[in-house]
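Okay, so here's the structure we're looking at.
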Amino acid sequence: QVQLVESGGGLVQPGGSLRLSCAASGAIYNNYRMSWYRQVPGKERELVATISSGGGVTNYADSVKGRFTISRDNVKKMVFLQMNNLKSEDTGVYYCNVRSDFRPQTQNYWGQGTQVTVSS
């Protein structure tokens, strides 16, 4: 059983910052990519940032480049998303995702999400 629990969301003014955390438990070891997605009601879930299993390669949506930073701690099985200079467009439910590099179809896990609201 794999469980992902996000935390750190909340209400923040434009230009502010938030740091999201995701704690994984269960059969998560090496060779897992970790990502953050976000979703607005009525729209498809979109990839915000991803980090390779070793932590050496990151990828960001164009809309967040230069503002967001993803990182991971493989010992603690955690992934983080530092969000700076937040915009109203960043509002949404942010989901943690963990996916196997080798069996992505079956070993692909999601958290319940944490709400981020950027508003004055």
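The values are calculated or read from the model by the stated rules, or taken from the named source; none is laboratory data. Source: prediction; values computed, not measured. When we count neighbours, we look across all protein chains shown, and the Cβ atoms used for this are built from the backbone with ideal geometry, even at glycine. Keep in mind that these areas ignore ligands, DNA and RNA; they rest on the heavy atoms of the full protein, side chains included. Shrake-Rupley method; radii C 1.70, N 1.55, O 1.52, S 1.80 Å.
Annotation: extensible slack from Asn31 through Val57 equals 8.1 nm (criterion: 0.36 nm per residue apart, minus Cα-Cα distance).
Which of the trypsin sites (Lys or Arg not before Pro) found in region 28-70 are in a DSSP loop and have at most 12 neighbouring Cβ atoms, other than their own, within 10 Å?
On the way: sites: Arg33, Arg38, Lys43, Arg45, Lys65, Arg67; in loops: Lys43, Arg45, Lys65, Arg67.
Answer by residue number: Lys43, Lys65.
Between the DSSP loop rule and a limit of at most 15 other Cβ atoms within 10 Å, which chymotrypsin sites (Phe, Trp or Tyr not before Pro) in region 7-47 are left? Please list the in-between numbers first.
Details: sites: Tyr29, Tyr32, Trp36, Tyr37; in loops: Tyr29.
Counting only loop positions with at most 15 other Cβ atoms within 10 Å, the chymotrypsin sites (Phe, Trp or Tyr not before Pro) in region 7-47 are Tyr29.
Annotation for region 68-112: trypsin sites (Lys or Arg not before Pro) lying in DSSP loop with at most 11 further Cβ atoms inside 10 Å of their Cβ are Lys76.
Fraction of C-alpha pairs exceeding 15 angstrom in region 28-87: 50 percent, rounded to a whole number. Between Phe102, Phe68, Phe80, the Gaussian network model of the chain with springs among Cα atoms under 10 angstrom shows the greatest mean-square fluctuation at Phe102.
Given a 1.4 angstrom probe, I'd like the percentage of the accessible area of the chain that is carbon and sulfur, rounded to a whole number.
Working: 3050 of 6520 Å².
Whole-percent figure for carbon plus sulfur exposure: 47.
Of the three principal axes defined by the Cα atoms of region 53-97, the extents in descending order read 34, 20, 15 Å.
What does the accessible area per residue of the chain come to in Å², with a 1.4 Å probe and no ligands, DNA or RNA counted? Please report the intermediate quantities before stating the final value.
On the way: 6520 Å² over 120 residues.
On a per-residue basis, the chain sits at 54 Å².
Per-residue Karplus couplings for region 12-28, computed as 6.51 cos²θ - 1.76 cosθ + 1.60 with θ equal to phi - 60°, are listed in order as 9, 7, x, x, x, 10, 9, 10, 8, 10, 9, 10, 9, 9, x, 7, 10 Hz, Gly and Pro entered as x. Within the listed set Val12, Val79, Val98, the Gaussian network model of the chain (springs between alpha-carbon atoms below 10 Å) gives the highest mean-square fluctuation for Val12.
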